[in-house]
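Presented below is the structure to which this report refers.
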Amino acid sequence: MLTHSQLAELLEEHGQPAYRATQILDWIYKKRARSWDEMSNLPEVLRDALAEKYPLRPLKHTLTKGSKDTTRKFLLELPDGRYVETVLIPASPALYGETSDRHTLCVSSQVGCAYGCKFCASGLDGFSRNLTAAEIVSQIILAEELSGEKVNNLVFMGMGEPLANFTNLCHALEMITSDWGLNIGARRITVSTSGLVPQIKKLAEFPRQIRLAISLHGPDDETRNKIMPVNKKFPVADLFDALRLWNSKKNQKITLEYILIEGVNASVEHAAVLAKRASSIKAKVNLIPYNTVEGLEWVRPSDADCTRFKSVLSKAGVSATLRLEKGHDIDAACGQLRLKKEKGQLAE
Ligand code: SAH
Ligand code: SF4
């Protein structure tokens with residue numbers, strides 16, 4: 001899968017007229033062709049030449065967990081035999097995007113992750129590779145095909161650090177938001193990052209109103225350093241400078257993601273510091289009680305402690321949500337399903 005301009009260039013190399021680009025994009029995104037053979041208005045030699053290099057279905061569906069009414073998790077096989085996960089969340093709460101009652105898809109951007117946050121399954125096995133833009137976009141096309149539902153909210157919160165795969169992310173965003181592509185509104189798309197400062201500044205220049213979520217998980221350097229190695233490189237003060245720059249370019253609130261972990265970051269003192277931080281950039285906060293990961297020792301706080309944490313934020317005038325449990329039973333926290341598959345713990 002290519003962007004409009006990449007495709008136009010390629011067609012020129014093949015001595016083809018420019019209107020072929022529109023024809024091909026129409027087949028891929030509107031008619032959802034599964035193979036180049038279906039593109040009956042293209043010359044056969046061209047179809048054959050492109051089919052060899054640009055498979056329309058680079059991902060193979062391997063396994064679905066969950067049911068139609070609940071969170072569904074798709075395990076997808078890449079051409080090199082590796083796996084990624086995509087999670088479809090029906091009628092999601094209005095955390096990202098504008099309306100509730102929508103189908104949110106959570107896509108992966110890399111196989112594994114190099115950032116090694118200490119609570120996260122994706123980082124456990126290290127980093128394998130970036131996903132191509134086509135592999136990112138294919139997750140959406142495949143999820144729509146498998147579910148028969150239209151994805152109208154998209155979050156880059158699956159496996160991987162999207163901002164560490166910057167070029168492919170931007171190409172994918174172009175394919176997703178353009179009217180020649182999937183035509184999903186930029187305001188319905190949230191990119192989540194552990195806080196890569198230079199790339200946040202670069203993404204602020206992206207010409208569409210996409211949303212930004214920050215995996216904060218600690219309101220100060222001391223707390224954050226304990227669980228997120230990335231903070232040593234980009235400390236909290238630098239991160240918030242970048243977020244102020246983001247705010248100056250985009251007119252939507254940033255979301256601060258905050259996993260609550262017992263004895264690490266979940267005290268009322270932490271909540272008070274977090275409230276100040278969030279207010280300083282007019283961000284909203286999404287609280288997530290820690291999801292147990294096999295092999296990791298962290299513990300989720302009691303419901304009462306989570307609620308108390310939230311009320312400190314609310315009293316300080318910070319808008320906060322405490323995420324309803326969804327997908328906990330199907331290993332929906334990022335990276336968990338793929339890890340089991342690769343360790344041979346999943347029945348086919
Ligand atoms: N790398 C990016 C995108 C992945 S998002 C980022 O970190 O923002 C994956 C989200 O799931 C992040 O907010 C991450 O912090 C969260 N997460 C990871 N492990 C988790 C766990 N065990 N319980 C709850 N949330 C978790
Ligand atoms: Fe990577 Fe994000 Fe998991 Fe950290 S939380 S290890 S950055 S996927």
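Only residues in the stretch 178-200 that are assigned to a helix (DSSP H, G or I) count as the first member; pair them with residues that are among the acidic types (Asp, Glu), Cβ under 7 angstrom, at least 6 apart or cross-chain, and list the lot. Close Cβ pairs satisfying both conditions: ARG187/GLU98; VAL197/ASP238.
Is it the case, given these coordinates, that CYS113 is in contact (Cβ under 8 Å) with a residue 60 or more places away in the chain, surrounded by 22 or more Cβ atoms within 10 Å (Cβ to Cβ) and within 16 Å of ligand 1 (Cβ to nearest atom)? When the stated conditions are applied, CYS113 passes them. Residues of the stretch 126-136 that are crowded, with 23+ Cβ neighbours inside 10 Å and either modelled with pLDDT under 95 or within 14 Å of VAL87 (Cα to Cα) (or both): ILE136 alone. Against the numbered list (1) more than 16 Å from ligand 2 (Cβ to nearest atom); (2) at pLDDT 95 or above, LYS232 comes up short only at (1).
The residues in the stretch 10-35 that are surrounded by fewer than 12 Cβ atoms within 10 Å (Cβ to Cβ) and touching a residue at least 24 places away in the same chain (Cβ under 8 Å) can be counted, and the count is 0.
Applying the condition of being within 18 Å of LEU216 (Cβ to Cβ) and of a type outside the set (Ser, Thr, Tyr) to the stretch 161-197 and asking which residue is nearest to ligand 1 (Cβ to nearest atom) yields GLU161. Where the second residue is at pLDDT 95 or above and the first is polar (S, T, N, Q) and lies in the stretch 36-53, which pairs have Cβ atoms under 7 Å and are six or more apart or on separate chains? Hits for this filter: ASN41/GLN23. Taking the stretch 65-90 as the range and being part of a loop (DSSP other than H, G, I, E, B) and under 13 Å from GLY158 (Cβ atoms) as the test, only THR71 passes.
Of the numbered conditions (1) surrounded by fewer than 22 Cβ atoms within 10 Å (Cβ to Cβ); (2) in contact with an Asp or Glu (Cβ under 8 Å, 6 or more places away or on another chain), ASP221 fails exactly one; give the number of that condition. Answer for ASP221: the failing condition is (2).
Here ALA266 does not qualify as more than 30 Å from SER178 (Cβ to Cβ) and in a helix (DSSP H, G or I).
The values are calculated or read from the model by the stated rules, or taken from the named source; none is laboratory data. Remember, predicted model here, so these are calculated numbers, not experimental data. We place every Cβ from the backbone using ideal geometry, glycine too, and count neighbours over all the protein chains shown.
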